[in-house]
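First up is the structure itself, then whatever we jot down about it.
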């Protein structure tokens, strides 16, 4: 269950990065709604990370959380914000995913 909590925390990290990207693209009152979404997603992500680290090794949990956020945010950047999707970006995202899986496998 703690791994599921950690994965959800990582997904909320992607959500707060997405909100920052959308806030950058908007203006006026809409920008504040995206910043509010950022704050809510950040609060949820951090709360779930804290909960997960009560039962998982801190180094592993933080690395997995950060990795999910990094890969997810890079994918959102490619799919939503027109970031470049070249071979090396995709290659290193796959190596990061492999590293996250490796950390989970050797956690205990």
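Please determine, in degrees from 0 to 90 and to the nearest 10, the orientation of helix 29-53 with respect to the longest principal axis defined by the Cα atoms of the chain, where the helix direction is its Cα long axis.
The angle comes out near 10 degrees.
Can you tell me the Rg and Dmax of the stretch 41-104, counting just the alpha carbons, in angstroms?
13.4, 38
If you average over every viewing direction, what projected area does the convex hull of the Cα atoms of the chain give, in nm²?
With every direction weighted equally, the projected area is 6.9 nm².
Could you give the nm distance between label points at residue 63 and residue 2, where each point is 7 Å from its Cα heading toward the beta carbon?
Using points 7 Å along Cα→Cβ, the separation is 1.6 nm.
With n ≥ 4 as the cut-off for DSSP H runs, can you work out [θ] at 222 nm for the chain, using -39500 (n - 2.57) per run divided by the number of residues, rounded to the nearest 500?
Calculated at 222 nm, the ellipticity per residue is -29000 deg cm²/dmol.
Note down the relative contact order for the chain as a percent, whole number, built from C-alpha pairs under 8 angstrom at least six residues apart.
Reported relative contact order: 33 percent.
Rounded, prolate or oblate: which fits the stretch 34-75, taking a ≥ b ≥ c as square roots of the Cα gyration tensor eigenvalues, rounded meaning a/c under 1.5, else prolate when a/b beats b/c?
It is oblate, given that a/c is not under 1.5 and a/b is not larger than b/c.
Order of 22-33, 44-55 by packing, highest average Cβ count within 10 Å first?
For the peptides 22-33, 44-55, the packing ranking is 44-55, 22-33.
In nm, what is the difference between 0.36 nm times the number of residues separating residue 91 and residue 40 and their Cα-Cα distance?
Difference between extended and current length: 15.2 nm.
Based on the mean of other beta carbon atoms within 10 Å per residue, what is the order of 66-79, 91-104, most packed first?
Averaged packing, sorted descending, gives the order 66-79, 91-104.
Read-outs: derived from the displayed coordinates by stated rules, not from any lab. Computed from a predicted model, the values in this text were never measured in an experiment. Methodologically, a virtual Cβ is constructed for each residue, glycine included, from the backbone with ideal geometry; neighbour enumeration extends over all protein chains shown.
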